[in-house]
Amino acid sequence: MNIFRLLGDLSHLLAIIVLLLKIWTTRSCAGISGKSQILFAIVYIARYLDLLNTYISAYNTIMKFVFISASLATIFFMYVKFKATYDHNHDSFRIEFLIAPALVLALLINHEFSPLEILWTFSIYLESVAILPQLFLVSKTGEAESITSHYLFALGSYRGLYLLNWVYRYYAEDHYDLIAIVAGVVQTVLYCDFFYLYITKVLKGKKLQLPA
Amino acid sequence: AGDVEEHDEL
């Protein structure tokens with residue numbers, strides 16, 4: 001564990017908590033893509049199946065449980081409890097167009113052709129593009145609430161910090177995982193446009209509004 | 001590279 005990895009994990013945790021609190025306190029999931037949340041739940045479940053057969057540390061186990069539970073709670077809020085506030089019409093991204101290629105790629109490019117390893121690889125590929133429905137929703141409505149922007153910033157920063165973690169591990173431990181690194185770069189790049197808007201607008205107190 | 005069986009990152 002190094003500082004980049006820890007900051008990345010905390011940023012990830014913060015993002016998930018911010019989203020849950022936003023939905024809970026405003027009693028609304030307006031502006032949030034349920035499609036992206038479904039993809040994240042698939043990502044966590046596929047990746048953390050190793051909870052069943054591998055023990056790494058209490059930290060690792062607890063974080064995995066928190067990510068899976070928080071993700072399922074978010075979906076419950078969006079599709080059951082606060083269903084009336086969910087913006088169905090704008091959240092029209094077809095997630096099968098992300099799931100199917102991620103699965104095919106995981107079957108073709110992986111470290112080992114075993115069920116758990118393929119699911120891990122699938123989760124890495126899917127996570128890299130899982131935010132697309134959310135970014136699509138923001139681009140369709142042309143704006144995002146500040147709190148949604150903070151959520152997106154924390155979520156995007158997490159993989160960016162992981163990139164620094166991988167650079168550190170390469171030099172300090174001679175350890176690297178090309179699949180995770182390439183997918184992590186793709187994931188972070190997808191947020192760049194948003195990061196730019198966040199820094200130039202939201203941090204200056206303005207609403208995140210896309211040019212018409 | 002590390003052990004394929006174990007992914008210690010989240």
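Of note:
- Highest mobility in the GNM of chain A, judged by mean-square fluctuation with C-alpha springs under 10 Å and restricted to A:16, A:181, A:62, is found for A:62.
- Approximate spin-label separation residue A:186-residue A:89, in nm, with each point projected 7 Å along Cα-to-Cβ: 3.3 nm
- Nonlocal amide H pairs with residue A:143, under 5 Å, H built at 1.01 Å: A:210
- Estimated [θ] at 222 nm from DSSP helical runs (n ≥ 4, -39500 (n - 2.57)) normalised by residues in the protein assembly as shown, nearest 500: -22500 deg cm²/dmol
- Taking other C-beta atoms within 10 Å as the exposure proxy, A:92, A:28 rank A:92, A:28 from fewest upward.
- Taking the range A:139-168 and a reference point 7 angstrom along Cα→Cβ of residue A:195, the backbone N atoms nearer than 17 Å belong to A:149-168.
- Averaging the Cα positions of each part gives two centres, and for the range A:105-120 and the range A:58-96 these lie 25 Å apart.
- Cα long-axis angle, helix A:178-200 against chain A (0 to 90 degrees, to the nearest 10): 20 degrees
- Ranked list, fewest to most other Cβ atoms within 10 Å of each Cβ, for A:24, A:120: A:24, A:120
- Here residue A:173 and residue A:140 are evaluated by their C-beta separation; at R0 = 41 Å the FRET efficiency comes out at 0.40.
- Exposure proxy shown here: for A:185, A:129, the number of other Cβ atoms within 10 Å sets the order, fewest to most, as A:185, A:129.
- Each Cα pair under 8 Å and six or more residues apart adds its separation to the average, and for chain A the resulting relative contact order is 31 percent.
- Charge dipole (debye, nearest 20) of the protein assembly as shown; +1 at Cβ of Lys and Arg, -1 at Cβ of Asp and Glu: 1300 debye
- The simple Förster model, with R0 at 25 Å and r as the Cβ-Cβ distance, assigns residue A:10 and residue A:61 a FRET efficiency of 0.90.
Bear in mind that the values in this text are calculations on the coordinates, not laboratory data. What you see is a predicted model; the values in this text were computed from it and never measured. Note that we place each Cβ from the backbone using ideal geometry, even for glycine, and neighbour counts take in every protein chain shown.
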